[in-house]
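Contents: one structure, followed by commentary.
The values are calculated or read from the model by the stated rules, or taken from the named source; none is laboratory data. Note that the structure is predicted; figures quoted are calculated from it, not measured. Positions of Cβ are backbone-derived with ideal geometry, glycine not excepted, and every protein chain shown enters the neighbour counts. What goes into the accessible areas is simple: the full protein's heavy atoms, side chains included, and nothing from ligands, DNA or RNA. Shrake-Rupley method; radii C 1.70, N 1.55, O 1.52, S 1.80 Å.
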Amino acid sequence: MSGNIKHLVFSVCVAFVLCAFASVASARTIYVPDDYARIQWAIDNASAGDIIIVRDGIYYENLKVDKKLTIKSENGSDNCIVDGGGSGDVITLNVDGITIEGFTVRNSGSSWDAGIEVVSNANKIAYNCITNNYYGIYLYSSSNNTIANNNISSNNGDGIHLYKSSNNIIANNTVSNNDDGICLLGSSNNTIANNTVSSNNGIGIYTYLGLSSNNIIANNTVSNNGEGIYLHYSSNNIIANNIISSNNGIGIEFHSSSSNTIANNTVSNNDHGIELHSSSSNNIIYLNNFINNTDNVNSLGSINIWNSTEKITYTYNGKQHTNYLGNYWSDYTGSDEDGDGIGDIPYSIDSDKDNYPLMRPFEYYFVPEEPKVSISTDKYEYRAGDLMLINITFENPTDERKSVKFLWRLDIPDYNLSFTVINNKSLLLPPEFKRTFVISWRLPKLSASFNASWYVALYNGVISEDTADWRYIGAKKKEGREIARDIAELREIERSALQSVNLIKSEG
């Protein structure tokens, strides 16, 4: 991994690219129970590319989907239930490119059966509630699937189980009160990101029995499980930016797992923070916070690297430094005589050690020095009467109050016009402050079409600024003197925009 970065921060932005499953001309929409009383009958009579909309109700069925279909509820999972009746898999995906969206899927068989079993590729499973099955979702030799925004709870086995499955995205799910949360068996190159994994009886996120490599486990909240994250005979994985807290056992555990990278995690209030054993060596562990665990670390028969492998430039107490960086340990008792944020003596880890222990949690070493502002709109193109949502975010990442001035302006370059909405407004931003104001603005009826841009700035010596471009589509513009009328109408924006800013107030 490159060392030419200030620190390892994984912002896993999962892009959910949904395939167009059939040509628009041939696709049709089938309604259940209007066209067919049962969902399976609708599947049997559909053609590849069709959309099946299921109206509210409880459907006692075991579905076999063997065509490339989109199957979705009309009003969401609270209102549309597929119940397997305690026998077999509730839904089985047998061909590639299926979408299952918006159902409660419950009551599979009791032995190795699943709410949704996937034995094909490139499927999308989203916005479902999957409960009271053996496995919640089971992937068998299945790749390139997206499992997102599901609530997977109270299943007797694993919430999500991958067997010899690769290149899948598991993101933005809530996985709770299962046996184990998310389990990877012989599965590689998967992304497990932005999930909330909590209150499972066993392990929150678990890779085991070898060949589970090159997975990314990032930006998850893993809490109140039996254990947090456990790697068993697994190598070359990345564990980053997770919050791992209040698990009954170990926060992060490695068994015979080597050459993994563990960075930017906060591991707190577990029994053990991190434990490595059975020759779990050559792992790189740095820029993590280990806070108030009963034992922050155990390392048994394992030799690892407990700091960055290259020097990193960082800021500490207002001064810039460049050095190797280790981890923050809440029970570290060493001093920092030279004030560089790194302890003067190593932190002892059984037969190992962190040579560059941090004096404060890692995030304090990379805090931007000044407040900033950003602006965005909910879409790009608007017409008369549309409701525009304007998002303005103020952020003060420093640990002290900051006094700034605020400017908000609308620019319409097509007519060489600018309207100042707010000018020279004093704001007092609290320490470590971040807030987004959402301003709703009903656009007036104008005859002109034009390109426009919102501009915002914070100033008081250092300037932070941002713009958001958008376009207004008006009536067909006329020539001559009508243009003057258009310009006059544009001033309606100034009046209506001013009425939209009541949310922007000084924060003290």
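Comparing Asn150, Thr261, Leu69 along the charge dipole axis of the chain, the residue lying farthest to the positive side is Leu69, per the Cβ-charge model. Tell me which label goes with the value of Rg and Dmax of the Cα atoms in Å computed from the coordinates here: (1) 26.9, 93; (2) 23.0, 75; (3) 27.4, 86. After the calculation, the listed value that fits is (3). Rounded to the nearest 20, the Cβ-based charge dipole of segment 101-204 about its Cα centre (Lys and Arg +1, Asp and Glu -1) stands at 160 debye. Average accessible surface for the chain: 43 Å² per residue, computed with a 1.4 Å probe over protein heavy atoms with every protein chain in place. With contributions of -39500 (n - 2.57) from each DSSP H run of at least four residues, the per-residue ellipticity at 222 nm computed over the chain stands at -1500 deg cm²/dmol. Here segment 226-299 exposes an accessible surface that is 38 percent carbon and sulfur, computed with a 1.4 Å probe and the other protein chains kept in place. Percent of accessible area on segment 18-117 owned by carbon and sulfur, 1.4 Å probe? Carbon with sulfur: 47 percent of the solvent-accessible area.
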